[in-house]
Amino acid sequence: MTNEIFVGLLVRAIDGDSEAMSLILQEYDPLFRRLATAESGLDEDCYQYIRLRAFEMTRRFRIPPEKIF
């Protein structure tokens, strides 16, 4: 995914677009899974917590207008 596409998705997700948010979460899913995996395997509670926090923090994120391409 290019920077321009990601920024567009991010702006849409911040504005409440659920499809854009879903695409961002899909993009980062491998990272979330890796972070939630321990020696015993994937910790589902940790995985869901990471996804929830990513969702919450994305909605709070603000991009200064001069930083948008």
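Against the condition in contact with a Lys or Arg (Cβ under 9 Å, 6 or more places away or on another chain) and open to solvent by less than 70 Å² (accessible area, probe 1.4 Å), how does residue 38 come out, does it pass? I'd like the intermediate steps shown before the answer.
Values: in contact with a Lys or Arg (Cβ under 9 Å, 6 or more places away or on another chain): no; open to solvent by less than 70 Å² (accessible area, probe 1.4 Å): yes.
Taking the combined requirement at face value, the residue does not satisfy it.
Hey, among the residues in segment 9-33 that are under 15 Å from residue 50 (Cβ atoms) and among the charged types (D, E, K, R), which one's least open to solvent (accessible area, probe 1.4 Å)? Spell out the reasoning first.
First, pick out the residues of segment 9-33 that are under 15 Å from residue 50 (Cβ atoms): 21, 24-33.
With the extra rule that they be among the charged types (D, E, K, R), the set shrinks to 27, 29, 33.
On the way: 27: 91, 29: 31, 33: 99 Å².
It comes out as 29.
The values are calculated or read from the model by the stated rules, or taken from the named source; none is laboratory data. Keep in mind it's a predicted model, so treat the numbers as computed, not measured. Note that each Cβ is placed from the backbone with ideal geometry, even for glycine, and that neighbours are counted across all protein chains shown. Side chains are part of the model used for accessible areas, which takes the heavy atoms of the whole protein and leaves out ligands, DNA and RNA. Shrake-Rupley method; radii C 1.70, N 1.55, O 1.52, S 1.80 Å.
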